[in-house]
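> First the structure, then my questions, so here it is.
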Amino acid sequence: MDRVAYAELLGWYLGDGYVSQGRRQVYNLHVYNDQQYARLNQHVLELMSAVKPGSRPHVRHVPGCVVSTVGWKHWPCLFPQHGAGRKHERPIVLEDWQAEIVRAFPSHFLRGLFHSDGARVANWATRVVAGERRRYDYPRWQFSNRSDDILALCGWALDLVGVAWRRSGPWTVSVSRREAVADLDALIGPKS
């Protein structure tokens with residue numbers, strides 16, 4: 001298995017993926033992504049092929065979205081977090097071998113998380129300077145998820161690469177400091 005590709009695919013799975021059981025004990029890994037990100041959607045197919053060599057991932061289009069899918073009997077082994085119900089309604093804990101892969105390739109894991117459930121946005125704030133209110137615009141990365149466990153994994157991976165972050169809401173991890181945004185940009189690349 002390609003461990004680098006797996007680290008990123010794990011991030012995609014935790015962000016916007018799920019595993020379903022098909023016929024004859026074959027499981028399907030599905031990753032949802034906005035249709036506007038053609039390069040990222042192609043990249044997800046490449047990740048799937050790297051993790052399961054010889055596979056033939058395919059896509060299906062739903063309104064505004066591309067669903068990348070590939071079948072394999074061993075997806076539950078590679079994604080033991082698979083289970084009934086929504087991810088935010090059950091514990092999401094990495095197995096030791098998964099944590100070892102994320103420790104080795106944290107930027108790839110973060111790329112999967114932020115490119116699935118994240119956004120680079122223009123943020124602003126106001127401050128009074130010399131008696132005058134001024135507006136400051138700055139870029140910011142945000143990762144949103146309803147699962148506290150997945151948000152904690154995102155924060156852990158950001159700590160591994162030394163990128164400053166904070167929880168800016170109940171479901172959001174934000175990277176807002178100028179140098180931290182630049183570092184994350186360099187690590188994960190643009191969402192395009």
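> Using Cα pairs closer than 8 Å and at least 6 residues apart in sequence, work out the relative contact order for the chain, in percent.
That works out to 22 percent.
> On a full-extension model of 0.36 nm per residue, what is the gain between Arg103 and Ala125, subtracting their alpha-carbon distance, rounded to one decimal in nm?
4.5 nm
> Quick one: putting +1 on the C-beta of Lys and Arg, -1 on the C-beta of Asp and Glu, what dipole do you get for region 3-83 around its Cα centre, in Debye to the nearest 20?
Computed charge dipole of region 3-83: roughly 400 debye.
> Let me ask something else. Could you let me know the centre-to-centre spacing of region 28-60 and region 142-175, using Cα atoms, in angstrom?
So the separation of the two Cα centres works out to 24 Å.
> Another question, then. Taking volume of the Cα convex hull per residue in Å³ straight from the coordinates, which label in (i) 125; (ii) 159; (iii) 169 is the correct one?
Calculated volume of the Cα convex hull per residue in Å³: the matching label is (i).
> Run the numbers for His88 and Val59: contour at 0.36 nm per residue of separation, minus the present Cα-Cα distance, in nm.
Going from the current span to full extension adds 7.9 nm.
> How large is the helix-only mean residue ellipticity at 222 nm for the chain, computed as the sum of -39500 (n - 2.57) over DSSP H runs with n ≥ 4, divided by its residue count, in deg cm²/dmol to the nearest 500?
Helix-only estimate at 222 nm: -12500 deg cm²/dmol.
All of the numbers you see were taken from the coordinates with simple rules; none came from a lab. Bear in mind the structure is a predicted one, so any value in this text is a computation, not a measurement. Neighbour counts are summed over all protein chains in view; Cβ atoms, including those assigned to glycine, are modelled from backbone coordinates with ideal geometry.
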